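The values are calculated or read from the model by the stated rules, or taken from the named source; none is laboratory data. Here the structure is a predicted model, which means the values were calculated and not measured. Backbone-built Cβ (ideal geometry, glycine too); neighbour counts: all protein chains shown.
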Amino acid sequence: MNVVDNLDKVTTHLLTLLDGPFPAEEERDALLEEIDKALQIRDSLLQRLSPPFSEEEIELGKKVAVASQQVTPKLEVFHKQLKQEWAQIQQSKKTAKAYGQAYNSPTADGMYYDKRN
């Protein structure tokens, strides 16, 4: 198979991975590894791409170019969802820590708690 065919298959596979619903936490690591692997393969294929191209390869290349334009926004949406979830986790950790250390910090109304009782 030539490089353009492989590039088409990898790009199509990447789009199918990104089109699915946002996975649960248990499945997310496997999906991230699969996306990373597909992106690395795609990058290496893009670097190996060199002219001259046949008419068939040119048509397939146009299809790949259209699919590639769809990949970037989908990756950005996926990244944004991961960032939002990460922020929620950090906030819940901060809240849990503040709740556990409620008596160590001064209160908002100026009162303090006597630790001897």
For segment 41-90 the number of residues that are over 30 Å from D29 (Cβ atoms), in a helix (DSSP H, G or I) and in contact (Cβ under 8 Å) with a residue 40 or more places away in the chain is 4
The residue from L15, L32, L60, L46 that alone is under 12 Å from the mean Cα position of the chain (by Cα) and either among the hydrophobic types (A, V, I, L, M, F, W, C) or surrounded by 13 or more Cβ atoms within 10 Å (Cβ to Cβ) (or both) is L32
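Residues are listed down the side, and each one gets a yes or a no for (1) touching a Ser or Thr at 6+ places or on another chain (Cβ under 6 Å); (2) closer than 15 Å to V10 by Cβ; (3) acidic (D, E); (4) modelled with pLDDT of 90 or more:
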| position | (1), (2), (3), (4) |
| --- | --- |
| A38 | no, yes, no, yes |
| S44 | no, yes, no, yes |
| E57 | no, no, yes, no |
| Q69 | no, no, no, yes |
| N104 | no, no, no, no |
| T107 | no, no, no, no |
| G110 | no, no, no, no |
